[in-house]
Amino acid sequence: MREPGSGAPPAAPAPGEARRLSKVVAALVPCSRREAEQYIAEGWVRVDGQGVAEPQVRVTADQRVEVDPRARLQPAVPATFLVHKPAGMDPEAVSQLLTEAGHWGGDTSGIRRSRTHQAGLQALLPLPAQASGLCVLSQDFRVVRKLTEDAAFVEQELVAEVQGTIAPDGLARLGRGLVRNGRPLPPARVSWQSETRLRFAVKGIDPDWIAWMCAQVGLELVALRRIRIGRIPMAALPPGQWRYLPAGERF
């Protein structure tokens, strides 16, 4: 990859002429138009000192266009976002959290945020509005297939805050024995974390069903939080923030 700033400067446009930013950047670096658009999308370009992430922006001769001399293009690979959805947020609104301000400072993926990462995102294994915890949005077909076609084989770990008195055989029934709509639920691993918290490790059971499951054994679900999907934990990701799924990590 050629380094930004190498080569001859671009020919100056006629006074008052506005040119597409990507064309100006392509001449500045120099590089291809596609690479220029990637420099812009990844936030390496400033116009009159302000960051610009839209390649189609038009600039005039009296505007100063700069490409960060440290700029290095990252491989153009599909992105997957891990988001900590707050309780009370509608599942369809989770994508609104994918802002620059919401990018968790503890993200160690090494992936630089790009506006192209938000094109064609699919929300996978959505949580009900009242629940909080780990959510996934991805443009990677491998992740999409894993969490749709193979979703019944991916374990989800959830913590349920409950109140009430559990039936004597309640824990055993939650793990194996409940029938919903005439069909037995898949086996689940259920254990107490504290006097008011149950841990569920489930496959093929929608988080929407947890409230119903608790009600069958005399408990009322107060709050629900998903802390793991497959091998990916939410860990220290704060509510309302997101991080990238690093290369090499799999659900």
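The values are calculated or read from the model by the stated rules, or taken from the named source; none is laboratory data. Every value quoted in this text rests on a predicted model; they were computed, and no experiment measured them. All Cβ positions, even for glycine, are placed from backbone atoms using ideal geometry, and neighbour counts span all protein chains on display.
Just one of the numbered conditions (1) at pLDDT below 90; (2) touching a Cys at 6+ places or on another chain (Cβ under 8 Å) is not true of Lys85: (1). None of Leu125, Leu97, Leu121 is under 26 Å from Lys146 (Cα atoms) and either of a type in the set (Ser, Thr, Tyr) or in contact with a Lys or Arg (Cβ under 8 Å, 6 or more places away or on another chain) (or both) except Leu97.
Of the strands (runs of 3 or more DSSP E) entirely within the stretch 196-251, those holding at least 1 residues that are in contact with a His (Cβ under 9 Å, 6 or more places away or on another chain) occupy 242-244. Within the stretch 127-148, identify whether any single residue is at pLDDT below 95 and either small (Gly, Ala, Ser) or assigned by TED's automatic domain parsing to the domain that holds Glu220 (or both), and answer yes or no. Checking the stretch 127-148: not a single residue is at pLDDT below 95 and either small (Gly, Ala, Ser) or assigned by TED's automatic domain parsing to the domain that holds Glu220 (or both). In the set (1) loosely packed, with under 15 Cβ neighbours inside 10 Å; (2) under 22 Å from the mean Cα position of the chain (by Cα), Ser194 fails one condition alone, (2). Taking the criterion of being touching a helix residue (DSSP H, G or I) at 6+ places or on another chain (Cβ under 8 Å) and outside any loop (DSSP other than H, G, I, E, B), the residues of the stretch 77-99 that qualify are Thr80, Phe81, Val83, Lys85, Ser95. As for the stretch 190-208, it holds at least one residue that is over 13 Å from Gln163 (Cα atoms), among the aromatic types (Phe, Trp, Tyr), out of contact with any Pro (no Cβ under 7 Å at 6 or more places or on another chain) and at pLDDT 95 or above. Scan the stretch 63-76 and give yes if some residue there is in contact with a helix residue (DSSP H, G or I) (Cβ under 9 Å, 6 or more places away or on another chain), among the aliphatic types (A, V, I, L, M) and modelled with pLDDT of 85 or more, otherwise no. Among the residues of the stretch 63-76, at least one is in contact with a helix residue (DSSP H, G or I) (Cβ under 9 Å, 6 or more places away or on another chain), among the aliphatic types (A, V, I, L, M) and modelled with pLDDT of 85 or more, which makes the answer yes. Listed by position, the strands (runs of 3 or more DSSP E) inside the stretch 100-174 whose residues that are crowded, with 18+ Cβ neighbours inside 10 Å and among the polar types (S, T, N, Q) number at least 2 are 132-138.
Return the residue satisfying two criteria in turn: it lies in the stretch 207-251 and is on the phi > 0 side of the Ramachandran plot and touching a helix residue (DSSP H, G or I) at 6+ places or on another chain (Cβ under 9 Å), and of such residues it is surrounded by the fewest Cβ atoms within 10 Å (Cβ to Cβ). Only one residue tops the list, namely Gly218. Taken over the stretch 77-103, the criterion of being over 17 Å from Arg226 (Cβ atoms) and in contact (Cβ under 8 Å) with a residue 40 or more places away in the chain is satisfied by Val77, Pro78, Ala79, Ser95, Leu98, Gly102, His103. For residues that are aliphatic (A, V, I, L, M) and touching a residue at least 24 places away in the same chain (Cβ under 8 Å), scanning just the stretch 35-59, find the one that is nearest to Ser22 (Cα to Cα). Going through the qualifying residues, I end up with Val57.
Across the stretch 36-53, the qualifying residues are those that are modelled with pLDDT under 85 and in a helix (DSSP H, G or I), and the one among them that is farthest from Arg115 (Cα to Cα) is Gln38.
Would you mind stating whether Val29 is buried (at least 16 other Cβ atoms within 10 Å of the Cβ), touching a Lys or Arg at 6+ places or on another chain (Cβ under 7 Å) and either in the same structural domain as Leu245 (by TED's automatic domain parsing) or modelled with pLDDT under 90 (or both)? Criteria met by Val29. Scanning the stretch 88-111 for residues that are modelled with pLDDT under 95 and of a type in the set (D, E, K, R) yields Glu92, Glu100. Filtering the stretch 84-101 for residues that are of a type in the set (D, E, K, R), within 11 Å of the chain's Cα centre (by Cα) and not assigned by TED's automatic domain parsing to the domain that holds Ile210 leaves a non-empty set.
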